[in-house]
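The values are calculated or read from the model by the stated rules, or taken from the named source; none is laboratory data. Just so it is clear, the structure is predicted and the values come from calculations on it, not from any experiment. Every residue, glycine among them, receives a Cβ derived from its backbone with ideal geometry; neighbour counts consider all protein chains shown.
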Amino acid sequence: MIKCLSFMLLATLVASCEWSSSSSSSDAPVSAVRRKIAYEKWLEVAKEDFRLCPKYGNGVKSQEQINADKIFLETVIAKAGSPDSASNHYFLKACDYLSHDDLQTTMYRLNQAWMLNPRNPDVYRGFGWVYNRLEEYQLALEQFNEGLSYDPKNEELLMEKSFVEKRLKASKRPTSL
């Protein structure tokens, strides 16, 4: 598993670690809606697309979606060699999309990484990053804490949690005129 001290280092690393034959986010333009989106708009879109919610919003999937998931899991695990390796791969793909400000595709890839390994603490770090970008610090904090429940000594999660706690505290301070 790749460890890093900053997201920029990780994003740089991601660009050189692609093993998938699928195109990366840098190959396609990102729509304005995907680049910068307010949380209210995010929630509106998420009503129609549960892939925008961590862990697919814990929603009930149709039989068609369950069958597609089964094929996806079998295919990527066979290619990666293990669910953990496949989960890490999709986490890195999410990092690439995040570095291009494509929050929607970031969340899609994080959910795929989660489906491959629901105990991967990096996935929760990624969920937290998306909420952090949406300036939803409490939700980001909840994701970091969930990741820490699987790996309480994870340095990256502890660092991210600290940053978000500071942002959360600052956002609750009254401003003076």
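So here's what we get for this one:
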quantity	calculated
Leading residue by the ranking (surrounded by the fewest Cβ atoms within 10 Å (Cβ to Cβ)) among those in the stretch 94-112 that are part of a helix (DSSP H, G or I) and touching a Ser or Thr at 6+ places or on another chain (Cβ under 7 Å)	THR105
Cβ-Cβ under 8 Å pairs, at least 6 apart or on other chains, the stretch 113-134 side crowded, with 19+ Cβ neighbours inside 10 Å, far side of a type outside the set (Asp, Glu) and not in a helix (DSSP H, G or I)	ALA113/ASN120; TRP114/ASN120; PRO121/ASN154; ASP122/MET1; VAL123/ASN117; ARG125/ASN154; LEU134/ILE37; LEU134/ALA38
Condition check for GLN138: within 18 Å of LYS161 (Cβ to Cβ), over 11 Å from the mean Cα position of the chain (by Cα) and not charged (D, E, K, R)	yes
Residue in the stretch 87-110 that is more than 14 Å from PRO54 (Cα to Cα), of a type in the set (Gly, Ala, Ser), more than 14 Å from the chain's Cα centre (by Cα) and at pLDDT 95 or above present	no
Complete set of residues in the stretch 135-177 that are small (Gly, Ala, Ser) and loosely packed, with under 14 Cβ neighbours inside 10 Å	SER149, SER162, ALA170, SER171, SER176
Check on LEU148, closer than 20 Å to LEU98 by Cα, within 16 Å of the chain's Cα centre (by Cα) and aliphatic (A, V, I, L, M)	no
Yes/no for ALA80 being at pLDDT 80 or above, surrounded by 10 or more Cβ atoms within 10 Å (Cβ to Cβ), closer than 21 Å to LEU98 by Cβ and in contact with a His (Cβ under 7 Å, 6 or more places away or on another chain)	yes
Qualifying residue in the stretch 141-151 (condition: at pLDDT 95 or above and assigned to a loop (DSSP other than H, G, I, E, B))	yes
